[in-house]
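Working notes, beginning with the structure itself.
The values are calculated or read from the model by the stated rules, or taken from the named source; none is laboratory data. Owing to the predicted nature of the structure, the values given are computational and were not obtained by experimental measurement. Ideal geometry is used to build each Cβ from the backbone, glycine not excepted, and the neighbour counts take in all protein chains shown.
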Amino acid sequence: MQNQLFGYIRVSTAEQHDDRQRTALAPYNIPERNLYVDKQSGKDFNRPGYERLMKRIHNGDLLYIKSIDRLGRNYDEIIKQWHFITHKKGTDIKVLDMPLLDTTYGKDLLGSFISDLVLQIMSFAAQIERENILQRQNEGIASAKSRGVKFGRKPLPLPENFNELCARWIAGEFNSHTLAALCGFSRRTLFARLKSLQETKDNYL
């Protein structure tokens, strides 16, 4: 079987663009069919693109990634995936952001030692950076909440005839299911809004 070139790209959310990683991999002429992309968090490592890639790579193939943290969510996972790919699968890896992480060079004992040492240092640094980012995010959220900033989706607006509809509901003209439908809410949302209005004494009834 002829050795093949592969590429792997991961972004944290479906809304993020993968342009930077695609641009970094472009000069290496990786066939489009061998380029695997995941657009979701590595938090639970449930990545369908990565799993399909692992089924295709074989001994002698070469995998390109832009940075070492594309392989896993933390230090242990990165080390585990690196050794699975390079030892179990026999596939070489080139990390574009760190030229020393290139298993096509230095396959002797010294080269392997240097590569493994750099891998452990870079994996540790990637985990520390991720933890720092999460800490800054949590601190920012806590600070915003202390200033009264609300998170989550904005509540749906009340219909203009909400008072009239509620009065008719109270009078027994229709049930709560009909009231919710007329307001464009689910029944659960309807009662949550009524409770909120009662608690704030912003009574529409």
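Some points to look at:
- Scanning segment 145-172 for residues that are more than 15 Å from Arg193 (Cβ to Cβ), hydrophobic (A, V, I, L, M, F, W, C) and at pLDDT 70 or above yields a total of 3.
- The residue that is modelled with the highest pLDDT, counting only those in segment 1-24 that are more than 19 Å from Leu53 (Cβ to Cβ) and not in a loop (DSSP other than H, G, I, E, B), is Thr23.
- The residue that is modelled with the highest pLDDT, counting only those in segment 179-204 that are loosely packed, with under 14 Cβ neighbours inside 10 Å and of a type in the set (S, T, N, Q), is Ser186.
- Count of segment 69-93 residues which are within 16 Å of Leu53 (Cβ to Cβ), of a type in the set (A, V, I, L, M) and part of a helix (DSSP H, G or I): 2
- Segment 68-103, residues that are over 23 Å from Asn3 (Cα atoms) and either modelled with pLDDT of 90 or more or touching a Leu at 6+ places or on another chain (Cβ under 8 Å) (or both): Glu77, Ile78, Ile79
- Residues that are surrounded by fewer than 13 Cβ atoms within 10 Å (Cβ to Cβ) and assigned to a helix (DSSP H, G or I) within segment 166-178 comprise Ile170, Ser176, His177, listed in sequence order.
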